[in-house]
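In what follows, a single structure is set out as structure tokens and then discussed.
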Amino acid sequence: MAASDDILRTYRHPRVVMREHLARPASEPRALVFLLLALTVIFIGQWPRLSRLAHEMPDQPMVGLMMGTMLALLATVPIFYLIAALGHLAAKAMGGQGSWYGARLALFWALLAVSPLMLLQGLVAGFIGIGPQLSLVSLLVGVAFVLFWIVGLRVAEFEGKSR
């Protein structure tokens, strides 16, 4: 099934989608692609905000802002691996029986699943700017991410088979 279909299904049945991903053979390239796709969508979502910044600060060229954002997002890749490892260790401390791979998949999938909301967040930041609307959308993105990650991690650590 296409990732876009799985993303939509995640908003209704996150456990089911995570179980399906874990039922496939473990694939580090697939997990990494989830992370890189999420970062790509997040990067695209930043374009309206960066355009607004470039307009408000003419001394900051759009290309420079985009390159800086892209490099900053790429620099987060090892941080996400660390966060996944910490999630796995926390789950293990609570009796989790999952694998390092399952923890990575849960985190990376949660990030990819909320990436469409990150597009909305970027649009609000670009067209409306800082204000209550952006705060509300950012809160929505954060809550959705945490919920998807927790649900995915619970499936990977407590329902999934150990790999």
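The values are calculated or read from the model by the stated rules, or taken from the named source; none is laboratory data. Worth saying up front: this structure is predicted, and the values here are computed from it rather than measured. Using ideal geometry, Cβ is built from the backbone for each residue, glycine included, and neighbour counts are taken over all protein chains shown. Heavy atoms of the whole protein, side chains included, go into the accessibility calculation; ligands, DNA and RNA do not. Shrake-Rupley method; radii C 1.70, N 1.55, O 1.52, S 1.80 Å.
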Checklist entry - At q = 0.12, 0.14, 0.23 Å⁻¹, what is the log10 ratio I(q)/I(0) for the range 75-163, with the Debye formula run over Cα points and no solvent? => result -0.42, -0.54, -1.01
Checklist outcome for this item: For Ser99 the rounded accessible area (nearest 10 Å², probe 1.4 Å, non-protein molecules ignored) is 10
Item to check | In nm, spacing of pseudo-spin labels at Tyr11 and Leu123 (7 Å Cα→C-beta vector) | outcome: 1.1
Checklist entry - With contacts defined as alpha carbon pairs under 8 Å and 6 or more residues apart, what's the relative contact order of the range 12-163 in percent? => result 38
Next on the checklist: How big is the chain along each principal axis, measuring the range of its Cα positions in Å and listing the largest first?
Outcome noted: 54, 32, 28
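Please give the per residue accessible area of the range 1-132, computed with a probe of 1.4 Å over protein heavy atoms only, in Å². Can you show the working numbers first?
Details: 6960 Å² over 132 residues.
Solvent-accessible surface per residue comes out at 53 Å².
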Next on the checklist: With the crude spin-label approximation of a point 7 Å out along Cα→Cβ, what separation in nm comes out for Leu74 versus Glu159?
Outcome noted: 3.7
Item to check | Two-site label geometry, Ile130 and Leu53: point separation in nm, points 7 Å out along Cα→Cβ | outcome: 1.3
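Roughly speaking, to the nearest percent, how much of the range 58-111's 1.4 Å accessible area is carbon and sulfur? Walk me through the numbers before you get to the answer.
Details: 2160 of 2750 Å².
On the range 58-111, the fraction of accessible area on carbon and sulfur atoms equals 78 percent.
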